[in-house]
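Bear in mind that the values in this text are calculations on the coordinates, not laboratory data. Everything quoted here is computed from the prediction, not taken from an experiment. Methodologically, a virtual Cβ is constructed for each residue, glycine included, from the backbone with ideal geometry; neighbour enumeration extends over all protein chains shown.
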Amino acid sequence: MERVEDMLRVARTHYIYSLDKNINSGTWKPILQVYTDLSEDKTELFENDTYAALHYLLLDANNDNSAKNIIQKARENARGVQDHITREVWEEINSIYHLINRPFVKLKLASADALEIIDLFLKHSMIYVGVAEVTMQRGTAWNVMRLGKFVERSIETLILTDKQCELHAYDLGKERDITNWRFLLLSLAGYEAYLKSYRSTKHNQQILQQVIFNPDFPHSILYSLNQIDRSLAILIKENSNPEVPELVRTFGRIQSRIQFMDPGSVVHIDIKSFFAELKRDLLDFNAKLKLLFFSY
Amino acid sequence: MANEHFLDQYVHRENTWDEMYDSKNIRQQYSHVFSMLKNLDVDSMSNRHRLAGELFLNQGITFTVYNNNEGIERVFPFDIIPRIITGSEWAEIEKGIIQRLKALNLFLKDIYSNQQILHDGIVPVDLIASCPHYTREVYGIKVPYDIYVHISGIDLIRGSDGKFYVLEDNLRTPSGVSYMLENRDVTKRIFPDILSTSNVRSVTHYPTLLHEVLLDLVSSQVSDPYIVILTPGIFNSAYYEHTFLAKQMGVDLVESRDLVVDNHKVYTKTTKGLKQVNVIYRRVDDEFLDPLVFKQDSLLGVPGLLSTYRKGNVAIVNAVGNGVADDKAVYTFVPEMIKYYLNEEPILNNIPTYQLSDPDALKYALSNIENLVIKNTNQSGGYGMIMGNTISEREWLKAKSEIERNPRNYVAQPIIQLSTVPCFINGKIQPRHVDLRPYALYGPQGIKLVPGGLTRVALSEGSLVVNSSQGGGSKDTWIID
């Protein structure tokens, strides 16, 4: 569900951006590259067709990573653990699942009302978060949900930031106007927070500081890692599995790397390699997490 | 006839410049929008109209009407069909406004220092001496970079000859820019396909430009400049705009009670202690700004603020005392100012204006009232305006005696048939009169305009009064290439 929410926010930002002249080329290519495994040829087919791109991203049954498929899987998961989640959480996921299968969604998404549909699901994603927050007991199920949510969020933030830097040819020495970064900040729901917290015009450094190191920004990598740390500590407290220490060490290395890194140095390092290594480590941690908690 | 498309029912007014129609044909700039709208029916347009209203309501872009002790939230009327201006027309408007602002800014610098323009007899001394907005308290104050008019909204109208004229200058705290931005956002929702295929210039960078102008006013020795927007508070009709701009720029929105002056410096009271303010973008009028200098009973101002301003320890945007330059009587002399300060001919012309302090002009105005509009020089927002062709005999007798008692407070202008644009009202497309308020930002780097502005619409049939306080609405304004 976290991925759906992130994807919707990115789609919404890009959709609105694509309507503004001179700001963005309007191509959906970067978004399709981030969220799908389409071949180069197929990406070219969709990249300049807003409605085709939106359909593929959100509704296409053949796209494993479409919002529709993710919601379906989330519903299956929820159905399987109904004894661990509240009735309200189950009902919210179930209602989103039925909503995305209603015919009007497809029709409207293919029309000038596409934004209405994106907003509708974005709103439901946030209602889902609120329902879980209000009704769930802070026990094992809650912490498992949080682990998944923040692992996903840290990877999403990382991938989107990497993509933005790639669009800047990884040249962070060249100072860029805020408009060049606005897409990333809006996609991470951090534009207003950025304007409020950072004062100088060194946007490259400040924005990377916000999205990677800011412990108070809910979409930063460090914030997500700190949340993972809290839930992981609770989950492993009474777990004597021999694989736990290795999982903790793996996570500790990632968290320490970000926590104790000099934020000011980020524009001077090889940022491409940095992101690649961090992504590899996060995926490795995620794999170990799955192995420990969900494999039998 | 029953199957006639709603667009085909449009009948524009005689002897009026219609923005969409050139006598019988659709103007080039409207042809694409016209053909796209042709694909929509009345129901579809009505749905978009309804959606626009809901979006404004949900975002809190409303004002409250009190009835039987109950507050009813109303949205400012928005017409969904955009007003379109060509890139070449815009280039002329842009040049004209930049020229005008340069002259007005030089006038303000002059009038609060050497007053050379008075010594040279270009502007009458009496006119300035009798101007209630001339602020003697700021005489001699040096403002950063000699810029007085940081933010302005110059009201333009298009006459029946198709030319743009300046209706009035707003150099104090012009409002409405948030509507320009929100109108565009709403258009993105209701007509995304038309907008994306119409080559419309973007206006979204306005808050960034404004923030840059405010930052540039701070001395380079200040490493972490602190900017605030000073609002009169939640009951101000433009409060939504104050919060909007604060959010879009990431600056603090403060009220007078949040500020304090100590040792000629202004501070904001924060939970971490006092924090020095470098720039105040004030949305509070001059006379309320400092109770030690202006209105003593003002609760909207900050005691001691003017002394801080005089010391150069804070920049106030717009400068204090700008009202003298947008006085409706001083307006008449702006073309002369342009020639005097810049040695150029005005690019944008004024509307012919009669100063009623001149006995001949007064006599003419009183005997030709049916062809004139009389404006109170001390009021704005459409208040104090007399439309000579619609005023009742009784109202006129009352107004006339007031004008005769104090003619300096009035100017008269011929009633100009403002241009019309197509509006979607009550399921029909109808012509309505409009003006245009482009917004300009004047900083150390020069004067910049965002390509667009607020088109204000007189929603009542035949009305020429576009002010929102008088029942006017607005439209998204597209500058297309």
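Using Cα pairs under 8 angstrom and six or more residues apart, how large is the relative contact order of region A:1-136, in percent? All intermediate terms of the calculation are to be shown ahead of the outcome.
Numbers: 136 pairs, mean separation 34.1, N = 136.
Taking the mean separation of contacting Cα pairs over the length of region A:1-136, I get 25 percent.
Spin-label point model (7 Å from Cα, Cβ direction): what's the A:Tyr51 to B:Leu397 distance in nm?
6.6
Would you please name the GluC sites (Glu not before Pro) within region B:264-370 that are DSSP coil residues with at most 12 other C-beta atoms within 10 Å of their C-beta?
Details: sites: B:Glu287, B:Glu336, B:Glu344, B:Glu370; in loops: B:Glu344.
Sites meeting the loop and neighbour criteria: B:Glu344.
Per-residue Cβ counts within 10 Å, from other chains only, averaged over B:199-206: what number is that?
Mean shielding count: 4.
Mind giving me the FRET efficiency for B:Ser130 and B:Val222? R0 is 41 Å, r the Cβ-Cβ distance, nearest 0.05 is fine.
Working: r = 40 Å, r/R0 = 0.98.
The formula returns an efficiency of 0.55 here.
Please enumerate, by chain and number, the lysines with C-alpha under 27 Å from the C-alpha of B:Lys428, excluding those fewer than 8 residues away in the same chain.
B:Lys428 reaches A:Lys108, B:Lys24, B:Lys38, B:Lys188, B:Lys475.
Using a Förster distance of 41 Å, how high is the FRET efficiency between B:Thr86 and B:Asp120, based on the Cβ-Cβ distance and rounded to 0.05?
Values: r = 39 Å, r/R0 = 0.96.
Taking R0 as 41 Å, the efficiency between B:Thr86 and B:Asp120 is 0.55.
What is the spin-label model distance, in nm, from A:Asn241 to B:Tyr383 if the labels are put 7 Å beyond Cα along the C-beta direction?
My value for the distance between the label points is 7.1 nm.
Using a cut-off of 18 Å between alpha-carbon atoms, which lysines can reach B:Lys102, once sequence neighbours fewer than 8 places away in the same chain are excluded?
Filter leaves B:Lys142, B:Lys339, B:Lys448.
What helices in chain B pass both tests, a Cα length along the helix axis of 27 Å or more and a mean Kyte hydropathy of -1.0 or higher, using whole DSSP H runs?
Those that clear 27 Å and a mean of -1.0 are B:87-111.
Among the lysines, which have Cα under 26 Å from the Cα of B:Lys269 when same-chain residues fewer than 8 positions away are ignored?
Cα-Cα hits under 26 Å: A:Lys196, B:Lys247, B:Lys295, B:Lys311.
Fewest first, what order do B:Arg13, B:Arg189 take by the number of other Cβ atoms within 10 Å?
On the way: B:Arg13 16, B:Arg189 20.
Least crowded to most crowded, the residues run B:Arg13, B:Arg189.
Mind putting a number on the dipole of chain B about its Cα centre? Charges go on the C-beta only, +1 for Lys and Arg and -1 for Asp and Glu, and I need it in Debye to the nearest 20.
Numbers: 47 positive and 56 negative charges, 144 e Å.
Using Cβ point charges on Lys, Arg, Asp and Glu, chain B gives about 700 debye.
At a Förster distance of 35 Å, what's the computed FRET efficiency of B:Phe6 paired with A:Leu99, Cβ-Cβ distance as r, to 0.05? The partial results should precede the final answer.
Working: r = 34 Å, r/R0 = 0.96.
That pair, B:Phe6 with A:Leu99, gives E of 0.55.
Going by how many other beta carbons lie within 10 Å of each one, how would you line up A:Asp6, B:Asp185, A:Asp162, fewest first? Display every interim value, and only then the final one.
Details: A:Asp6 24, B:Asp185 15, A:Asp162 19.
The order, fewest Cβ neighbours first, is B:Asp185, A:Asp162, A:Asp6.
Grab the alpha carbons of chain B, take their convex hull, and tell me the volume per residue in Å³.
Roughly 173 Å³ of hull volume per residue.
Between region B:404-478 and region A:153-172, what's the alpha-carbon centroid distance in Å?
45
Determine, for A:Thr140, A:Thr161, A:Thr86, the number of other Cβ atoms within 10 Å of each Cβ, and report the residues in order from fewest to most.
Numbers: A:Thr140 14, A:Thr161 24, A:Thr86 17.
By the 10 Å Cβ count, ascending, the order reads A:Thr140, A:Thr86, A:Thr161.
Quick one: length gained pulling A:Trp90 to A:Lys73 fully straight, 0.36 nm per residue minus the C-alpha distance?
4.8 nm
Distance between Cα centroids, region B:102-137 to region B:222-243: provide it in whole Å.
Taking the Cα centre of region B:222-243 as reference, the centre of region B:102-137 is 29 Å away.
Mind checking the alpha-carbon convex hull of the protein assembly as shown and giving the volume per residue in Å³?
Working: hull volume 157.8 nm³, N = 777.
Each residue corresponds to 203 Å³ of Cα convex hull volume.
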